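Only one structure is covered here, and it is reproduced in the block below.
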Amino acid sequence: MLARLASASLRGLDAEPVTVEVDLSRGIPGWSMVGLADASVREAKDRVRAALLNAGFTFPLARITVNLAPADRRKVGAYFDLPVAIGMLQASQQITVGQPLPFLLGELALDGTLNPVAGVLPLTIFAQQQGFSTIIVPQANASEAAMIPQMRVIAANHLLDVARHLSGEAPLPEFSPDAQPQREGSDNTLIPDMADVRGQQQARRALEIAAAGRHALLMSGSPGVGKSMLATRMPGIMPPLTDAEALDVARIRSIQGETLTAISHTPPFVAPHHTASDIAVIGGGSNPRPGECSRAHLGILFLDELPEFK
């Protein structure tokens, strides 16, 4: 029996389509996962097996092959756990899905609990672009997925809940946040306010010009004269981000593993330490990830003690 589910893999700041194929065939029982998967994906074999058994399902005694297509693109992340588990239940005919499958994301704990994953926001955007109207995510990621308008979000706590929902036995309700996503940090009481600064008229004027024109600014002076104090207050005098810009910034934060509860329209302020590595500041790695420069996108990158940076 063969089951096929749509999924995605993060690559930089964007997502790429991935098809999860689960095949059960005759032969010596075993499990192989192909498709250029990294360690976090290959370890899904142990997580999925334990989760299925602890959720009360039968682990198939068959030759199991899981393919993540296309095979020439590296797959990274634990969010393939849920689609692989559901594909296995479909292929072994332990559940029957009578409707088009929604987009599935989630890491499985050994008892079947769904753990939160990173990158839910860009993956939800991708799912919507691919024509999906419904997404099932771990409960802890539901607020983040609900930031995308016109996307029906189903929040689940356990593999068993997802299986019952898909089979129609116990449908899960649509996630409804208590309030619409607010402009996190748009209230000036939540960020340092330039109005707190007394004096420093010349320095304040320089910051206002730099904020208005999005110019770079070099501050030089003796310790204690207020350089850092002024810099931390610069986002408060910058224009708020547009909805598209705020979503762009939130997408970067999501990929870096931050759990988002609201979209912030305040320009970000990022201050990496001068001992941070090149990759931490610039980004990169074998599987490219954004660094502190990307986190400061459309906001402030504050390089304190600038000559100390490599």
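The values are calculated or read from the model by the stated rules, or taken from the named source; none is laboratory data. Worth saying up front: this structure is predicted, and the values here are computed from it rather than measured. Because the Cβ atoms are built from the backbone with ideal geometry, glycine has one as well, and the counts that use them run over all protein chains shown. The protein model used for the area step is the full one, side chains on, heavy atoms only, and it has no ligands, DNA or RNA in it. Shrake-Rupley method; radii C 1.70, N 1.55, O 1.52, S 1.80 Å.
Brief remarks follow.
- Residue selected from the stretch 37-50 under the condition surrounded by 14 or more Cβ atoms within 10 Å (Cβ to Cβ), closer than 27 Å to Gly12 by Cα and not charged (D, E, K, R), by the criterion modelled with the lowest pLDDT: Ser40
- Positions within the stretch 113-128 being open to solvent by 10 Å² or more (accessible area, probe 1.4 Å), out of contact with any helix residue (DSSP H, G or I) (no Cβ under 6 Å at 6 or more places or on another chain) and either part of a helix (DSSP H, G or I) or in contact (Cβ under 8 Å) with a residue 40 or more places away in the chain (or both), in sequence order: Thr113, Leu114, Val117, Ala118, Ile125, Phe126, Gln128
- Restricted to the stretch 206-258, and to residues there that are among the hydroxyl-bearing types (Ser, Thr, Tyr) and surrounded by fewer than 14 Cβ atoms within 10 Å (Cβ to Cβ), the residue that is nearest to the chain's Cα centre (by Cα) is Thr242.
- Contacts under 6 angstrom Cβ, first residue in the stretch 274-290 being without any contact (Cβ under 8 Å) to a residue 12 or more places away in the chain and under 17 Å from Asp38 (Cα atoms), partner of a type in the set (A, V, I, L, M, F, W, C) and open to solvent by 70 Å² or more (accessible area, probe 1.4 Å), 6 or more apart: Gly285/Ile279
- Filter result for the condition that a residue is without any contact (Cβ under 8 Å) to a residue 12 or more places away in the chain, closer than 29 Å to Pro122 by Cβ and among the basic types (Lys, Arg), over Arg47, Arg11, Arg73, Arg42: Arg42
- When residues of the stretch 51-80 are limited to those that are within 18 Å of Ile95 (Cα to Cα) and of a type in the set (Gly, Ala, Ser), the one most open to solvent (accessible area, probe 1.4 Å): Gly56
- Boolean, His297 is open to solvent by 40 Å² or more (accessible area, probe 1.4 Å), in a loop (DSSP other than H, G, I, E, B) and in contact (Cβ under 8 Å) with a residue 40 or more places away in the chain: yes
- A count restricted to the stretch 38-63 and to residues that are under 11 Å from Phe80 (Cβ atoms) and in contact with a His (Cβ under 9 Å, 6 or more places away or on another chain) stands at 0.
- Every residue from the stretch 85-112 that is open to solvent by 30 Å² or more (accessible area, probe 1.4 Å) and either of a type in the set (D, E, K, R) or over 23 Å from Asp23 (Cβ atoms) (or both): Glu107, Leu110, Asp111
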